[in-house]
There are 2 protein chains.
Amino acid sequence: MKKQSIEHTQLLVLSLLASRDIYGYEMIVELARRSQNVFEMKEGTLYPVLHAMEKAGTVAAYEQTAPTGRTRKYYRLTQKGRGCLADEKAAWARYADAVNAVLRTEALS
Amino acid sequence: MKKQSIEHTQLLVLSLLASRDIYGYEMIVELARRSQNVFEMKEGTLYPVLHAMEKAGTVAAYEQTAPTGRTRKYYRLTQKGRGCLADEKAAWARYADAVNAVLRTEALS
DNA sequence: TAATATACCTAGATAATCTATGTAAGGAGG
DNA sequence: CCTCCTTACATAGATTATCTAGGTATATTA
């Protein structure tokens, strides 16, 4: 039973919400689509993270009834969330650059 | 007290060992240097990982006395380790591409 | 009417990393 | 000589993130 390891859940969620308001279940589908199925986020991962982010004030939730008649819980990015997204994007870039720097030097020497 | 989050410890270790045999403490110094201090791996993280990798057969250890007189435990990459490195590099590329794909679409729409 | 997809949720297990600590030897400075 | 800092190894226990595995409920399809 190997772990899937998404790791940057919050960054990904904030990034999705930068485009438009979406609901939890849709995030899972969207992440899979945009990543060509590299990300298969589990509900057990996402929902607790969303609740924590709402509590932290980076996202805000509101309910809305879909044309199908089902109720969905949409999330939108707050101002604080926008700042957080910028920070996390920078941190990701820093981290990815660092990994690549180590991988590159491997080729030499 | 925030966690530092290195996350790809094993990939980084294997990558360092692709250049030459080094010892644990040196890995920490090297990772910091090559990553410009983005990585500050803790001994409590590294040593257990090294022992697990040795047990898994991706690295092999041997002791050697340094010119200073101190004994160091060097690690070298095994054949299996080389395969593992290739796999993990591919997985990292896949993962990084997926994150970047999600971040990119954020800019549009 | 049974199965599948949608849509939310949580408790507990697992895994990765960190904190904190310990041992021990060498070098530098007072 | 004594103290402190650096080097170099190591482990136990805490913390955190993610997953597994369940649960509820409605709508659609076979």
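The values are calculated or read from the model by the stated rules, or taken from the named source; none is laboratory data. From a predicted model like this one, the values you see are computed outputs, not experimental measurements. Neighbour counts are summed over all protein chains in view; Cβ atoms, including those assigned to glycine, are modelled from backbone coordinates with ideal geometry.
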Starting from the range A:25-37, take each residue that is surrounded by 13 or more Cβ atoms within 10 Å (Cβ to Cβ) and list its partners that are outside any helix (DSSP H, G or I), counting only C-beta distances under 7 angstrom and pairs at least six apart or across chains.
A:I28/A:M41; A:E30/A:I22; A:L31/A:F39; A:L31/A:M41; A:A32/A:F39; A:A32/A:E40
Flagged in the range A:23-39 as of a type in the set (D, E) and away from chain B (no Cβ under 11 Å), in numbering order, are A:E26
Among the residues listed as B:A66, B:A98, the single one being more than 30 Å from A:A93 (Cβ to Cβ) and either exposed (fewer than 15 other Cβ atoms within 10 Å of the Cβ) or away from DNA strand C (no atom under 12 Å from the Cβ) (or both):
B:A66
Which condition number in (1) more than 11 Å from DNA strand D (Cβ to nearest atom); (2) at pLDDT 95 or above is the one that B:T105 fails?
(2)
Is it the case that A:N37 is within 16 Å of DNA strand C (Cβ to nearest atom) and not β-branched (V, I, T)?
yes
So which residues in the range B:70-109 are more than 8 Å from every other protein chain (Cβ to nearest Cβ), hydroxyl-bearing (S, T, Y) and free of Cβ contacts under 8 Å to residues at least 12 places away in the same chain, if there are any at all?
B:T71
Scope the range A:69-97; condition under 22 Å from A:Y23 (Cα atoms) and of a type in the set (G, A, S); matching residues:
A:G69, A:G81, A:G83, A:A86
How many residues of the range B:11-22 are surrounded by 20 or more Cβ atoms within 10 Å (Cβ to Cβ) and either away from chain A (no Cβ under 11 Å) or at pLDDT below 95 (or both)? The answer is 0
Do any helices (runs of 4 or more DSSP H) entirely within the range B:1-82 hold 1 or more residues that are among the acidic types (D, E) and within 24 Å of A:A101 (Cβ to Cβ), and if so, which?
B:24-34, B:43-56
